[in-house]
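Written below as structure tokens is the structure these notes are about.
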Amino acid sequence: MRGGRKTLVKIIGSAKNEYGIAMPLVLALMVIMTLLAITAMNVAAGNTNIVSRFLLNEKSLYAAEKGYNQYLWKLNNDDDFYTDTSSYDCDTTSESGYYIYTPKDTSGDESNSFRVQMRVPLISTGSASLEPARNEVIIRSTGWDGNNTENKRTIEVELLRRTFTQHAMISDQEQASDGDNVIWYAGDTVYGSIHTNDTFYLDNSILNRGNATFWDLVTYGNRIVVTGLSIFESDESVRNNPDIFKKGTMKLERAIKFPGNKELNELRVLAKMDGAYYNGRTCIYLNGDSYNVRYYDRTTNSWYYNGQKYRMIAYPVPPFSLINTSANNERERILTEWLNEKSTTRVLYETLDDNNEVVQQYNSFADMAATCGSLSFPENRVIYVEGLTGSGTHPYDSSIAAKFQPTMGNVFVSGQLEGRLTIASANDIYITGHDPCDWRHPTLISGFNDDPGVTYADTDYDQIWNADNSEWLGTEVEGEDMLGLIAKRNIHTIHWNWPSQISYEVAAVFSPNQDRFSYNWGRKPITLSLLDYNNLITYDTAPNDISIHGALFAVDGSFGLETNWVGLGNLGSTLKGLISGFPGLGSMVAKDNMKVFGSIGQHLREHTNKPPRFDDFDLDFDWVAGYTTEYTHDPRMLNDMPPSFLSPSNSGWYSNHWEEVNTHID
């Protein structure tokens, strides 16, 4: 009994001892649970704040993106909307290197929780002055969430506009007007990017002594075709040859769309409103910061020089006589006056007023021209020439001579430009090797083709190379001059014949009373006799070397040498006149060098050189007729263009760089 009691006491005592230990444990567990609960609550609250801040930041970013997209939409509808001074302020002083445009009325933007700046970088135009870029703009947009303007986010997006002038050459098709594929040959060199929407053709023939060289990226829409491959070569080996394609090639899936009549008509409107507008065959000589222009006006059916109406006196040509010496002397005298645009014994030119009354008389065109000062460029720097379009007509069906018809909307141009100018033609433009306002016969012009082409007066460029001249680094330009030439059809360097003012019908054996002169010079005529057909024989007026500075665009046609082969068609037409001689032989003579500095856009790529061709008989020689051509892209045209120059139909603005910045718009 006593033993059992002792045992019970021990159990009760032990329980009391355990109860004393549990209390602290419970309290400790309660503290831990409390701390864990508090920690969990803090973590949850922290996460809630993080999510809230994230959402707030995202909403601010969305607002900034909304502002950017709204102003991008405005930009794609109107490239210059922000230059409207009634709606936008322009800050030109607070940040060097930028013109900053901000809307005067920001209430609409701020109600959508954003503010926007249009930031236009200033670029060098070749001198100390800086000009706003035309093809680049940065949109800075600051956004926030509703009324919470403390939490802002700002983005900057650099936008570039697609232009034709961003390439050294861009073509829609690589098939020339004669139906041949246009091929790059040995000696052709391009400093700048090239793009074609079509197939890119390259000659690799051993006979042509090497390859063309492309120092920048070549892009194409279809494929690259290499001709003249040896049995040891493949297309792929040539395409991947870094000695040919220095920066490689790339296929682009999206074609660049070429402009149409609408864009060209806008230039016509600009010229009629505030520029210089001509209607008929127009010859322009660029004379620094002014120009001379000799033209026919279809409206008044009259000839003009620098705005002065004039006429050449048409002395009657006496009939040929075996016995009347004085008549034959008069015929010789008249022809000499035509060839020289000068008479040593009598009045040959008269200036006229609007009523066709004589103002003054002159013995030579040069004497008259000396009284007609050069013209200043129009205020908007746009010259447009209208007239008949197509290939024209000629009494002997000569397509070469037909381009000189007075009613054609063709331009003949050469000289040096100081400043900025765009010349547009409703038909063709021909770049000449001599002042095209000088209509004497080329054989009588001292220094004919001594200073050929169209060049800049105060702008120079140099290729920049690495130390051992093995790698082209770019092109350095100094100067502000910039020329644009735009033709509805073709822009060609002249090859055949020369303009004149002479129209004279001579009887022929098979075609009586045909005009053998038809406002152009061919081979120099010797007499005005029935049997002298010299003027119908084509005369090569292409200079051996030619330089062309400017952005050139042929809307429906091409840029290139006028023709390398006059063709059997012209031979057939000359045979109608019983011509002795073959007019196409000049096409077999290779020219030397053509240097193009600027940019070329064309619907059809045309030949500047090619192996000579005998119509349907292909003759492959180991030399190439025409010019060996060097193309250098004008890097200024990456962000600039000549006045009112054309842009692709799908030009648009595209994002080149996006980044978030910490500089908010206040």
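A few remarks follow.
- Kirkwood hydrodynamic radius of the stretch 160-208, from inverse mean 1/r over distinct Cα pairs, in Å: 12.4
- Note on exposure: Thr538, Thr149, Thr344 ranked by accessible area (1.4 Å probe, complete protein assembly) read Thr344, Thr149, Thr538, with the most exposed listed first.
- Projected label distance in nm at Asp91 and Ser107, using a 7 Å step from Cα toward the beta-carbon: 2.3
- Accessible surface of the stretch 404-551 [probe 1.4 Å, protein heavy atoms]: carbon and sulfur percent: 43
- Rg then Dmax, both in Å and based on the Cα atoms of the stretch 133-291: 23.2, 76.
- Antiparallel DSSP beta bridges within the stretch 91-218, percent to nearest 5: 75
- Highest average first, the peptides 374-384, 396-406 ordered by how many other beta carbon atoms sit within 10 Å of their residues are 396-406, 374-384.
- Accessible-area composition of the stretch 109-179, carbon plus sulfur, in percent [1.4 Å probe]: 37
- Solvent-accessible ranking of Met23, Met637, Met273, largest area first, probe 1.4 Å: Met273, Met23, Met637
- Full extension of the chain segment joining Asp354 with Leu229 gains 38.4 nm, where the gain is 0.36 nm per residue of separation less the Cα-Cα distance.
- Percent of alpha-carbon pairs separated by more than 23 Å within the stretch 206-293: 56
- Sum of side-chain charges, Pro319 neighbourhood, beta-carbon under 11 Å (Lys, Arg +1; Asp, Glu -1): 0
- Calculated FRET value between Lys74 and Val269, using beta carbons and R₀ = 25 Å, to 0.05: 0.55
- Per residue, the accessible area of the stretch 343-388 comes to 51 Å² when a 1.4 Å probe rolls over the protein heavy atoms.
- Placing pseudo-labels 7 Å out from each Cα toward the beta carbon at Asp462 and Ser374 gives an inter-label distance of 2.8 nm.
- Looking at the stretch 324-428, the DSSP beta bridges with both ends there are about 50 percent antiparallel.
- The stretch 298-408 - percent relative contact order, Cα under 8 Å, separation 6 or more: 20
- Arg134 accessible area, assembled protein chains, probe 1.4 Å, Å²: 90
- One quarter of the convex hull surface built on the alpha carbon atoms of the stretch 81-141 amounts to 4.6 nm², the projected area averaged over directions.
- Summarising the strand pairing of the stretch 176-317, around 50 percent of its internal DSSP beta bridges are antiparallel.
- A Förster radius of 56 Å, combined with the Cβ-Cβ distance separating Phe320 from Trp658, puts the computed FRET efficiency at roughly 0.10.
- Rounded to whole Hz, the Karplus (6.51, -1.76, 1.60) HN-Hα couplings of the stretch 654-666, x for glycine and proline: 10, 6, 9, 7, 10, 7, 9, 10, 9, 8, 8, 8, 8
The values are calculated or read from the model by the stated rules, or taken from the named source; none is laboratory data. Remember, it's a predicted structure, so these values are computed and weren't measured experimentally. Heads up, the Cβs are rebuilt from the backbone with ideal geometry, glycines too, and the neighbour counts pull from every protein chain shown. Calculation scope for accessible area: heavy atoms of the full protein, side chains included, ligands and nucleic acids excluded. Shrake-Rupley method; radii C 1.70, N 1.55, O 1.52, S 1.80 Å.
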